[in-house]
Each structure stands twice: as structure tokens, then as C-alpha cells.
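Reading through the C-alpha cells given below for one structure.
The values are calculated or read from the model by the stated rules, or taken from the named source; none is laboratory data. Not measured: the values here are computed from a predicted model. Because the Cβ atoms are built from the backbone with ideal geometry, glycine has one as well, and the counts that use them run over all protein chains shown.
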Ligand code: SF4
Ligand code: SF4
């Protein structure tokens, strides 16, 4: 088999299977075969990620992490799943039963919707839309609704607080998230994810020269995008909506058993989806990072990049403490927003200058300058000092 | 500059991450059921009833005085005093027959390991054990320990808390010696003058 055949193996199998079925149901079979693998692969990825995350976090804190179930603890998600399934499902008496029931389902469903537009390999995208990015962010916004439903439907003050925090946070960070991807849209000239990936194709020598992350605006945009993505997926240090120590898991306080597990699933699916989008927008999608590595199938590259970003999420989670609400908002509106605006500006310059080292420097200047100025201004002359504890010592 | 602190933090966690694979010293976790720490001598979890000789029922030192039942802060001891008396099997009550507990139950789930029962017992009859794996799947009967389950030989006490056990044994031996000396003195003094002996005994007590 040639490398190309291996690369396209899933596409070929799907076509073959579709052709085997009777003509009437062929469209339905085609849809099913596109969707089903995603419904299987990403939840399994979730299972693997949870155990890797727990082990990784453990190691960062000099612990072992789970190591009891199966070899090296890798069957832990199975045990967790069984546990979640056989737990009692408690619905509070005062809850709005319907909303309470629908919220986790809606969360998972919208998270799955986002995968429709992410190309996981060459010719491997469920819906090749012209306005894929718009669709992605629209589906992402529906997640906020489901979170608010969970908080409202539970009839619990903690849930409500968590949901309000979540909505405030997600709306604030949606602005920088979308603005930083606008820079990519400006340069690629398209909202379609497949086109964006195509625009980043090609190598300069062995280097993936066209990846947007290797431009000044792309690099800054990528970092801003990832920060906003962390906030969007309610990950630490932006996990205020959950805040176990303050509001006992926030909007899913009142959920138990499998619905609780669904919230976790939805959260991780959201994180995978947004990382997938980051891979697509900035890291060349499914393309190999070096020209001589193209023999490895494109879908392996996509998932390798995805897992690298997830590892980054875990690393950040193991490092930073939770922000305070005012810090969160200040960061979004006083730092992220101006930075993304200047990234768009820089991308505009990039578009109209002839390529070369001069362009690179000229585009980098406004970003670095604003970063430096903002850093100074936001610190407001305060110095970070080592904190002394008067009574503890 | 902005962000330096975050990078320093990231470096620190990365160092922990890789360090935990290379140096065993970093991992302080004791993998419990496989590895165990040696318990310090003062470790205490749940009381047991001491018995002498090799018959757990007759050898129990407890005389059902109920002091511990009254003093136990969470009230988890329940004792029924016997109607009859049993002979002094342990030899620490100067041969006099004693009451014994017909029923002596302690609720494991309520006991808070405070050791007050041990402190108040005048007869060295109840001591703290250091066994800590007391969980059970029978949450009604299995958590109420009766006197058979509570009974442990004195040798067990000597094994787990050697220092305390030595003190306790010494105290008992002293008591015993005193008790033996008393009848001897009484026997010596009796023919001469019965009255002072009584006064002496009273002051002694
Ligand atoms: S250790 Fe404390 S709580 Fe436990 S039985 Fe003795 S007095 Fe009661
Ligand atoms: S254990 Fe000691 S204090 Fe408690 S009833 Fe028996 S003799 Fe009295």
C-alpha cells in the first residue's frame, strides 16, 4: 500500500461501504459513517485523557496518580464509568425537571456539533461548509445556554452562582477568541476550515513555512487563542464556574451519577474541539510538521497536535492557581481584547507588505510594543514581592 | 515583565514532572496495601480489653465498674454488670471474687480514639490497640464489637506498646505486692492489737 492509500484509508472504506448499500439509503449511510467514528473516537479520547491528566497532574505534584486499575492504572476510566453508571441519579425536589434533565444532553450535543467542521485528516471533515468558523462559534455559544440551564434548572444557589460566573466568563472570553481567529480569516480569505488548512500547506526546505503560528501575528494570536480557549472550556486557572473550594462544582452541584459524567464529557469534548480548531487555524491542521514526515498519515498528525495542545492544558492546570473574578474580567477586557485588536492590525500589515524579513519585523513591532506597554500599565507601578505570612511563621 | 512568573511556574512543574520519574526521593507516597509504614509506638486507634492467662473470658481484668462507660465522651461503650462474682483469675485482685461484665460492647463507628476510657480505668483493664483496618461490610452488627472481639491478651499489649505495657505491669505488680503485704501485716499485728491495724488500713486506703 502506498502512503497515500494509508492516508486515505478511512475515506476509501467509507466510500466502499456507501456504495455497497442500496441507493435509497446511501445518503443516510454516508452521514452515519461520517458521524459515528467521531462519536466513538472523541469519547474514547476523553477516557484516555482523564487518566493521563490525573497521572500527569500527580507527577507534577510528585505523586503517582492512579495506578491500581489495570496496567499502570490505565483502566481507571472504565472503573469510573461503571461507578458513574450505577450511582443513584438524584434530582432535587425543587428542580425544574425538564431543564435539569436536558442541560447535560444539550451540552454534549453542542460539543459534538462543533466537530462537524474540524478536518481531522486530508479529506476527512464531516461538513465542508463555507462558513465553518461561524458555525463553530455558534455551536460553542449554545454551550453557554446549556450551562445556564443546568444552573437555573437545579434550583440551588451554588449552581446559580456557578452558572452566572460561567456565562459572564464565556461571553467575555468569546470576544478575544473570535477576534484572534479573525486575523487568520483575514489572511486566509476564507471562513472554511478546509481552505484555511490548504492555505497553510507547503514547505520551505523542510520547514512548514506557511503555518500561521510562524508569523508574528499568528504566534501572538495562537497564544491569545489558547488562553481564551482555556477560559471557554472552563479549565484551570479559569475554572471559577466550578470552583470546588468555593461553590462546590458550581453549575453541576446538583448532578449525580451519569449526568455528572456527561458534564465532564461535555467539558472535555469542548476542550478537544477548541484545541482542534486551534490546530486547524494556526498549526497547519493535519499537515506534517516537517516535509520528510509526510509519509505518516494526516490523521495521525492531527491527533498528535491535538494531544500536544491537551498536554499544554494539563500543564497549565498543574501550574496556575484559580483567578479571582475581578482578575478574570480585567484580564479579558484590559489585556486580551487590546492584544487581539493589535493582532488583527498586524495581520492587516502582513497582508499588504511584500514577504521578507522586514515584513516579519514590522509586524512584530506593534504586538511586542503593546504587550510591553500593557504589562507596565496593568502592573501600575506595583512590584511583585515575595509574600510573607505574619502568623504562619 | 508580564508573564515571567507564569513561565517560572511552568518550569517548576515541568521539573517536578520529569524529576518524579528519575528520582525516587521526590515521590513520598507510600503505596499502602503493598507497602506499610511502621507505626509509631504511641499509635492508637481503638480500645481492647486486656485479659491475663489464656482464657479470654475468665481472665478479663474488667470488673464492670462502668467508669469508662460514664466517661466516654461519645458514649459508645455499653456495659452490663454481672449478678454473680467470678474468682480472681488474673490474680490482681488479691484473690477476692469480682463482678465481671456480662456484656461489654463498643461501637467502632462512634469511638473517636480519645483514649479517655484507658485513662480513667483504675484496673488497667482497657488499653488502646493500633490496628486500624476495621472496616466491614456489615454496618449494623459488624461495627458493634462485643467483649469476645475486644478481648486481647496482655502479651499483645506488651508487643504493640512495650513502654506503656511495662509501666502498667509494674503498677499492677506494685499493687499486688501491697495487697499481699497487707494480710501478712494484719496477721502479724492481729494477736497483739486489733484496733490500730484497722486505723492503719483506713489511712492506707
Ligand atoms: S477511646 Fe474514647 S471514644 Fe473510644 S471508647 Fe474510649 S473513651 Fe470512648
Ligand atoms: S474497663 Fe475499666 S473502667 Fe471500664 S468497666 Fe472495666 S474496669 Fe471499669
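Within the set B:44, B:36, the sole residue that is within 16 Å of ligand 2 (Cβ to nearest atom) and in a loop (DSSP other than H, G, I, E, B) turns out to be B:44. Taking the criterion of being surrounded by 15 or more Cβ atoms within 10 Å (Cβ to Cβ) and under 18 Å from residue B:54 (Cβ atoms), the only residue of the stretch B:128-148 that qualifies is B:147.
Filtering the stretch B:123-159 down to residues that are in a loop (DSSP other than H, G, I, E, B) and within 14 Å of residue B:60 (Cα to Cα), which residue is farthest from ligand 2 (Cβ to nearest atom)? Give the steps one after another, and end with the answer.
If we filter the stretch B:123-159 for residues that are in a loop (DSSP other than H, G, I, E, B), which is where we start, we get B:123-125, B:130-143, B:146.
Next, from what is left, pick out any that are within 14 Å of residue B:60 (Cα to Cα): B:123-125, B:146.
Details: B:123: 4, B:124: 8, B:125: 4, B:146: 14 Å.
Among those that are in a loop (DSSP other than H, G, I, E, B) and within 14 Å of residue B:60 (Cα to Cα), it is B:146.
If you check A:334, A:305 for being more than 14 Å from chain B (Cβ to nearest Cβ) and at pLDDT 85 or above, only one passes: A:305. When A:18, A:35, A:31 are checked against the criterion of being away from every other protein chain (no Cβ under 14 Å), part of a helix (DSSP H, G or I) and touching a helix residue (DSSP H, G or I) at 6+ places or on another chain (Cβ under 6 Å), a single residue qualifies: A:18.
Just one of the numbered conditions (1) within 11 Å of chain A (Cβ to nearest Cβ); (2) touching a helix residue (DSSP H, G or I) at 6+ places or on another chain (Cβ under 8 Å) is not true of residue B:31: (2).
Taking the condition of being crowded, with 18+ Cβ neighbours inside 10 Å and away from ligand 1 (no atom under 16 Å from the Cβ), how many residues in the stretch B:79-108 meet it? The number of residues fulfilling the criteria is 5.
From the list B:65, B:111, B:72, B:117, pick out the single residue that is within 12 Å of ligand 2 (Cβ to nearest atom) and within 25 Å of residue B:159 (Cα to Cα). Outline the logic, then answer.
Numbers: B:65 fails: within 25 Å of residue B:159 (Cα to Cα); B:111 fails: within 12 Å of ligand 2 (Cβ to nearest atom); B:72 fails: within 25 Å of residue B:159 (Cα to Cα).
Being within 12 Å of ligand 2 (Cβ to nearest atom) and within 25 Å of residue B:159 (Cα to Cα) holds for just one of B:65, B:111, B:72, B:117, which is B:117.
Listed conditions (1) more than 24 Å from the chain's Cα centre (by Cα); (2) farther than 19 Å from residue B:65 by Cβ; (3) at pLDDT below 85 are all met by residue B:137, apart from (3).
None of B:62, B:76 is within 16 Å of ligand 1 (Cβ to nearest atom), crowded, with 16+ Cβ neighbours inside 10 Å and under 14 Å from the mean Cα position of the chain (by Cα) except B:62. Scanning the stretch A:270-286 for residues being more than 16 Å from residue A:192 (Cβ to Cβ) and in a loop (DSSP other than H, G, I, E, B) gives a total of 1. Starting from residues that are away from ligand 1 (no atom under 15 Å from the Cβ) and surrounded by fewer than 22 Cβ atoms within 10 Å (Cβ to Cβ), keep the ones in the stretch B:46-59 and report whichever is nearest to the other protein chains (Cβ to nearest Cβ). Ranking the candidates gives B:56 first.
Annotation: of all residues in the stretch A:62-114 being assigned to a loop (DSSP other than H, G, I, E, B) and exposed (fewer than 14 other Cβ atoms within 10 Å of the Cβ), the one that is farthest from the other protein chains (Cβ to nearest Cβ) is A:94. Residues of the stretch A:186-213 that are closer than 28 Å to residue A:170 by Cα and either touching a strand residue (DSSP E or B) at 6+ places or on another chain (Cβ under 8 Å) or in a helix (DSSP H, G or I) (or both): A:186, A:187, A:188, A:193, A:194, A:195, A:196, A:197, A:212, A:213.
Tallying residues that are at the interface with chain B (Cβ under 8 Å from one of its Cβ atoms) and in contact (Cβ under 8 Å) with a residue 24 or more places away in the chain within the stretch A:52-61 yields 3. Total residues in the stretch B:1-18 satisfying the condition of being farther than 17 Å from residue A:314 by Cα and facing another protein chain (nearest Cβ under 8 Å): the figure is 4. Here the condition is being exposed (fewer than 15 other Cβ atoms within 10 Å of the Cβ) and away from chain B (no Cβ under 14 Å); of A:358, A:343, it holds for A:358 alone.
Within the stretch B:102-122, residues that are more than 14 Å from chain A (Cβ to nearest Cβ) and at positive phi sit with their Cβ atoms under 7 Å from residues that are more than 12 Å from ligand 2 (Cβ to nearest atom) and part of a loop (DSSP other than H, G, I, E, B), at 6+ positions apart or across chains, in these pairs: B:113/B:44; B:113/B:45; B:115/B:44.
Within the stretch A:123-134, being surrounded by 21 or more Cβ atoms within 10 Å (Cβ to Cβ) and part of a loop (DSSP other than H, G, I, E, B) holds for one residue alone: A:125. Scan the stretch A:73-81 and tell me whether some residue there is touching a residue at least 40 places away in the same chain (Cβ under 8 Å) and more than 22 Å from residue B:17 (Cβ to Cβ). Yes - at least one qualifying residue is present in the stretch A:73-81.
Being in contact with a helix residue (DSSP H, G or I) (Cβ under 6 Å, 6 or more places away or on another chain) and at pLDDT 85 or above narrows it down to one residue among A:344, A:365, A:316; which is it? Before you say what the answer is, go through the steps one by one.
On the way: A:365 fails: in contact with a helix residue (DSSP H, G or I) (Cβ under 6 Å, 6 or more places away or on another chain); A:316 fails: in contact with a helix residue (DSSP H, G or I) (Cβ under 6 Å, 6 or more places away or on another chain).
After ruling out the rest, the residue left standing is A:344.
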